[in-house]
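Student: Dropping the structure in here first, questions after.
The values are calculated or read from the model by the stated rules, or taken from the named source; none is laboratory data. Predicted model, so just to flag it, every value in this text is computed and none were measured. FYI the Cβ positions are ideal-geometry reconstructions off the backbone, even for glycines, and counts take in every protein chain you see.
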Amino acid sequence: MNKRILSIGFIVAIIFAVTAFPTGNGLPTGIGNENQVVNGCTCHTGGENGNVAIIIQDLPEIYNVSKNYTLTLNISGGPPEAEWNKGGFFIQASHGTLHSIDDNTWKPEGQTHLTHTEVGNNYREWSFNWTAPESDSYVAKFSVWANSVNGNAKNMAEHGENSDGMGSSGDFWNDAEFISAGATAVITETKEEMSVPQKMIYAFGILFLTLSVVVVGNRMVVKDQSFEDVIKDYWDAAYPWLTTTDHKYIGTLYIVTGFGFFFIGGILGLLIRWQLLEPRVDGDFLTYEEYNSTFTMHGTTMIFLAAMPIIFGFANYLIPLQIGARDLAFPRLNALGYWLLPTGGLVIYMGYFTGGAGDVGWTGYTPYSSGDTATRPGTDFWVAGQIMLGASSTLTAINFLTTMLRMRAPGVTLMRMPLFAWSILVTVFLLLLSIPVFTVALLLLMADRTFGTLYFDVTAGGDPILWQHLFWYFGHPEVYIVILPAFGVLSEIISTFSRRPIFGYTSMVYAMATIGIISFIVYGHHMFTTGADPLFRFIVMLTTMLVAVPTGIKIFNWLATMTGGSIVLKTPMVWALGTVITFTIGGITGIILASIPIDIALHDAYFVVAHFHYVLVGGTIFAFIGGIYYWFPKMTGKMMNEKLGLLHFATSFIFFNAAFYPMHNVGIEGMPRRYATYDPELAGLNEFISIAAMLFGFAQLLFIYNVIYSYRNGEEAGDNPWDGWSLEWATSSPPPHNSFTEIPTLKVAEEEEA
């Protein structure tokens, strides 16, 4: 018992140590104070702001020994310039000597720094002299702090402290560093502090290693096993999963991997919301560069590393069972397709250890990803990882297509397949038609970044808009690639818990096929703001709105199924109903954004963020969480805890809507997406959104606990606990190694009567 207490204490200590991040230092306290560099600035209330730009003009990259240089310090940005009291500065050089040359600047007696005078406070540009060092072996570093002010302090001095609207409020400052090196000086790069996401990766890595040591040590102490025996036991347990070609094992690996990345992407999302808890300045929590990479990795993770693997996992596990096949057509190809997924994910995340993760958004827009400034190695890893994920999806799509067309059991015609199987069939067609285009775009981008080609360089005859065409030809079908399987899941759950076959089966099949076809036509609505041809934009607008017809058919048929049935409100059904509500909201906002004038106004606003999350999370993720509750008994032979499942739904549904619905409002009020800060007038609503997002994230811990608890202690499920209709319920729970002891024959009622 004492050893266990010590282990727990050690873990707590580790968690505390790795999560205790240091805080940053501040800016000089006032003008002309010798303690400025030490104490930080307190004389202006506006705070640090990255929009305040600082430039030193005429500073040589390589100085001449003892030469006298006339330099000009210029600041811009911040509040509008007043008639007086426009700005101020403080500058210090590590080598050489600073000199004042007019009454606008002042060098305090006995000090090495330079600052502005009271007269100089009426300017935002100052000139001064710098005498270079007597040796060319130095690297002179200029540390600059600058205030961009609005003149309120002058008003206060004239009208009194109690004057309305007076004072130093609304002023902003920023800092910058510049260098000038001697001819023989060696410039050493300052070691950059780890980013917040990188710290978290290390923290979780240390935590994982610590827990591993504790678990192994516990077995050695409690069960009196040798270290070799413990490792052998774990290896024997892991080996079948590492080498399997069984579709059920691979499906489980896909699901676990997908939800694992879902929680990683969720943590990145919470970092974003913590940054936006208040209108922060650069480096207050995340630097602006860190923020760019965080939302890039968040979007990439959620779409490519979470949603897609979860879909492939369910498809892997269920498709052979639903069509009466023993396995997929190419089991080894199936295994290869899976292992390319975590490998590609690790490649994408390697950017955190090579100078920063990719910072180009999940869309990878050029010239952000291909221009002269796009030098971050993490972007190269992003491109390489995406190519690997595309290969994984292509191999998997070929496997599913072959399986469903060639390996259906007797009697399982295409129009007798469950709607989930149909959703996967349409999805793999979309994958095979879209992923090659995206792969070509990635290869062109890789060539631009690696070999110096100019496919996307407008100055050399290339076209950055070409990337958008290639990406969205894939990217918009990708939206339906992740939502169509969710439609299939909803159809299965609603049918089962309404106690009747789905209403309008044929129309549901045609609706999914129609959505798949239209998805390749409507991609241009992502490019309304690019100056595209008006006729092209008009056609895209109409076809985008046309998507509402087959989507509406599906919603109508679900409602008709429930209306004519006898509804049983179990946890899977509750999740399905919640998904229908949230997806409908996302669909309606999508139709709103299809309007050209509205889209132009809201294109880069948070309204789009709200719409996308309602579709991807409220539609896809919610549906597949319901799918976990629905098929968990089939996969494990155990029932999930009903009370925990309902509590999980209630908290998730409430906090999800509380977090994402107000984003429509802040978007309409002008808050741009992809920005690390915002107008302080929107602080109250953003604080509410951030708190709700945190609570939504914590609610998912109930899901994790329920899965683990139910797997260990859940009630025995039996072969068909829900009285399901499709073939997967005709086998044992969990299914045997080859899925079926013998290939079934599907017969409809009319055939059985004959």
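Student: Condition (residue is among the β-branched types (Val, Ile, Thr), closer than 30 Å to GLY378 by Cβ and free of Cβ contacts under 8 Å to residues at least 24 places away in the same chain) applied to the range 478-485: is it met by at least one residue?
Tutor: The answer is no, given that none of the residues of the range 478-485 is among the β-branched types (Val, Ile, Thr), closer than 30 Å to GLY378 by Cβ and free of Cβ contacts under 8 Å to residues at least 24 places away in the same chain.
Student: Please state which one of SER690, SER652 is assigned to a helix (DSSP H, G or I), among the hydroxyl-bearing types (Ser, Thr, Tyr) and either closer than 28 Å to LEU419 by Cα or free of Cβ contacts under 8 Å to residues at least 40 places away in the same chain (or both).
Tutor: SER652
Student: May I ask you to verify whether GLY724 is more than 20 Å from GLN322 (Cα to Cα) and surrounded by 18 or more Cβ atoms within 10 Å (Cβ to Cβ)?
Tutor: Spelling it out, it is not the case that GLY724 is more than 20 Å from GLN322 (Cα to Cα) and surrounded by 18 or more Cβ atoms within 10 Å (Cβ to Cβ).
Student: For residues that are in contact with a helix residue (DSSP H, G or I) (Cβ under 8 Å, 6 or more places away or on another chain) and of a type in the set (Lys, Arg), scanning just the range 225-283, find the one that is farthest from PHE740 (Cα to Cα).
Tutor: Among them, the one singled out is ARG273.
Student: With the condition kept exactly as written, say whether any residue in the range 452-463 is of a type outside the set (Gly, Ala, Ser), modelled with pLDDT of 90 or more, in a helix (DSSP H, G or I) and touching a Ser or Thr at 6+ places or on another chain (Cβ under 6 Å).
Tutor: no
Student: Modelled with pLDDT of 90 or more and over 16 Å from LEU59 (Cα atoms): which single residue out of THR105, THR72 fits that description?
Tutor: When all the criteria are applied, what remains is THR105.
Student: Please specify each residue of the range 407-423 satisfying the condition of being at pLDDT below 95 and part of a helix (DSSP H, G or I).
Tutor: LEU414, MET415, ARG416 - these are the residues of the range 407-423 that are at pLDDT below 95 and part of a helix (DSSP H, G or I).
Student: Go through ASN706, ASN665 for me and flag whichever is closer than 22 Å to HIS611 by Cβ, part of a helix (DSSP H, G or I) and of a type in the set (S, T, N, Q). Walk me through how you get there before you give the answer.
Tutor: On the way: ASN706 fails: closer than 22 Å to HIS611 by Cβ.
Going through ASN706, ASN665 in turn, just one is closer than 22 Å to HIS611 by Cβ, part of a helix (DSSP H, G or I) and of a type in the set (S, T, N, Q): ASN665.
Student: Take the residues in the range 51-69 that are surrounded by 15 or more Cβ atoms within 10 Å (Cβ to Cβ) and in a loop (DSSP other than H, G, I, E, B); name whichever of them is nearest to the chain's Cα centre (by Cα).
Tutor: Only one residue fits best here, namely VAL52.
Student: Then there's this: List every residue pair whose Cβ atoms sit under 6 Å apart, with the two residues 6 or more apart in sequence or on different chains, where the first one lies in the range 551-575 and is outside any helix (DSSP H, G or I) and the second, anywhere, is of a type outside the set (Phe, Trp, Tyr) and crowded, with 19+ Cβ neighbours inside 10 Å.
Tutor: Cβ pairs passing all conditions: GLY565/SER498; ILE567/SER498.
Student: Is it the case, given these coordinates, that GLU669 is in contact (Cβ under 8 Å) with a residue 60 or more places away in the chain, farther than 19 Å from TYR480 by Cβ and charged (D, E, K, R)?
Tutor: No.
Student: Also, quick follow-up: Looking at the range 326-376 only, could you name the residues that are touching a residue at least 60 places away in the same chain (Cβ under 8 Å) and over 24 Å from THR294 (Cβ atoms)?
Tutor: Selection gives ARG326, ASP327, LEU328, ALA329, PHE330, PRO331, ARG332, LEU333, ASN334, ALA335, GLY337, TYR338.
Student: Pairs needed: first member in the range 302-321, within 28 Å of THR741 (Cβ to Cβ); second member anywhere, of a type outside the set (Lys, Arg) and surrounded by fewer than 24 Cβ atoms within 10 Å (Cβ to Cβ); C-beta distance under 6 Å; at least 6 residues apart or different chains.
Tutor: Close Cβ pairs satisfying both conditions: GLY313/ILE255; GLY313/GLY258; PRO320/ASP327; PRO320/SER739; LEU321/SER739.
Residues checked against (1) touching a strand residue (DSSP E or B) at 6+ places or on another chain (Cβ under 8 Å); (2) crowded, with 17+ Cβ neighbours inside 10 Å; (3) closer than 20 Å to ILE494 by Cα:
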site: VAL608; (1), (2), (3): no, yes, no
site: HIS611; (1), (2), (3): no, yes, no
site: ILE625; (1), (2), (3): no, yes, yes
site: TYR630; (1), (2), (3): no, yes, yes
site: GLY637; (1), (2), (3): yes, yes, no
site: PRO672; (1), (2), (3): yes, no, no
site: ALA676; (1), (2), (3): no, yes, no
site: ILE704; (1), (2), (3): no, no, no
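Student: Right, next: Kindly evaluate ILE515 against the criterion of being over 11 Å from TRP422 (Cα atoms), in a helix (DSSP H, G or I) and in contact with a Leu (Cβ under 7 Å, 6 or more places away or on another chain).
Tutor: yes
Student: Kindly provide the set of residues from the range 70-103 that are of a type in the set (S, T, N, Q) and part of a strand (DSSP E or B), ordered by number.
Tutor: Scanning the range 70-103 gives THR70, THR72, ASN74, SER76, GLN92, THR97, SER100.
Student: So PRO721 fits all but one of (1) farther than 23 Å from HIS613 by Cβ; (2) touching a residue at least 60 places away in the same chain (Cβ under 8 Å); (3) in a helix (DSSP H, G or I); what number is the exception?
Tutor: (3)
Student: Kindly list the number of the only condition in (1) surrounded by fewer than 23 Cβ atoms within 10 Å (Cβ to Cβ); (2) farther than 24 Å from LEU431 by Cβ; (3) of a type in the set (Ser, Thr, Tyr) that fails for THR496.
Tutor: (1)
Student: Residues LEU484, LEU444, LEU466, LEU419: which one is buried (at least 19 other Cβ atoms within 10 Å of the Cβ) and closer than 27 Å to ALA594 by Cα?
Tutor: None of the others qualify; the one that does is LEU484.
Student: Could you say which residue among THR651, THR571, THR584, THR579 is of a type outside the set (A, V, I, L, M, F, W, C), under 23 Å from ILE502 (Cα atoms) and surrounded by fewer than 22 Cβ atoms within 10 Å (Cβ to Cβ)?
Tutor: THR584
Student: Determine, yes or no, whether TYR510 is of a type in the set (Phe, Trp, Tyr), in contact with a helix residue (DSSP H, G or I) (Cβ under 6 Å, 6 or more places away or on another chain) and in a helix (DSSP H, G or I).
Tutor: No, not satisfied.
Student: Give me the residue from the range 205-225 that is farther than 30 Å from TYR352 by Cα and exposed (fewer than 14 other Cβ atoms within 10 Å of the Cβ) and, out of that set, modelled with the highest pLDDT.
Tutor: If we take residues in the range 205-225 being farther than 30 Å from TYR352 by Cα and exposed (fewer than 14 other Cβ atoms within 10 Å of the Cβ), then VAL221 is modelled with the highest pLDDT.
Student: It is to be established whether one or more residues within the range 332-354 are at pLDDT below 90, closer than 19 Å to THR301 by Cβ and assigned to a loop (DSSP other than H, G, I, E, B).
Tutor: Checked against the condition, which is being at pLDDT below 90, closer than 19 Å to THR301 by Cβ and assigned to a loop (DSSP other than H, G, I, E, B), the range 332-354 yields at least one hit.
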